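Scroll down for the structure; my scribbles are underneath it.
The values are calculated or read from the model by the stated rules, or taken from the named source; none is laboratory data. Just so it is clear, the structure is predicted and the values come from calculations on it, not from any experiment. Glycine gets a Cβ as well: all are built from the backbone with ideal geometry, and neighbour counts include every protein chain shown. When the accessible area is computed, the model is the full protein with side chains, heavy atoms only, and any ligands, DNA or RNA have been set aside. Shrake-Rupley method; radii C 1.70, N 1.55, O 1.52, S 1.80 Å.
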Amino acid sequence: MNYRPQIFAFVFGAFAALAAPAAHAQVGVNVQIGHPAWGPAVPAGAQYYYVPEIDGYYDLAARNYIVQRNGRWVPMAVVPGYNTANFHPVVVDYRGRQPWVQYRDHHARYYRPADMRHDHDRGRR
């Protein structure tokens with residue numbers, strides 16, 4: 001048997017494979033911050049909701065709340081005693097790490113003291 005053509009084909013194929021320019025794969029990642037099911041859709045670039053019911057914020061990127069505790073703004077995974085179904089969040093136009101720098105404005109515009117009556121009790125008084 002004559003192996004020369006097979007060896008030649010193998011060497012030529014190996015050389016061609018090694019000499020070919022390296023293929024560069026490009027992977028595009030498009031990360032969009034979603035909004036929680038209880039909140040309204042947010043425009044591109046939005047970072048926070050002001051949540052009047054807790055008189056604090058919800059951080060869309062970190063997925064946590066930022067509320068005042070003992071005079072300090074504290075991130076929390078959940079706010080005990082509140083049901084998100086009762087929230088009326090407002091998308092605020094602030095980009096940065098301290099949305100509370102605009103707290104006075106947000107509080108004045110959107111804060112409503114919690115009405116402790118249930119919806120079915122509203123017409124009874």
Looking at the range 46-69, which of its residues are polar (S, T, N, Q) and closer than 14 Å to residue 84 by Cα? 64
Candidate set from the range 47-71 (those that are assigned to a loop (DSSP other than H, G, I, E, B) and crowded, with 17+ Cβ neighbours inside 10 Å); member that is nearest to the chain's Cα centre (by Cα): 60
Considering only residues that are over 17 Å from residue 39 (Cα atoms) and open to solvent by 40 Å² or more (accessible area, probe 1.4 Å), which ones fall in the range 93-102? 95, 97, 98, 100, 101, 102
For the range 72-92, how many residues are open to solvent by 70 Å² or more (accessible area, probe 1.4 Å) and without any contact (Cβ under 8 Å) to a residue 40 or more places away in the chain? 10
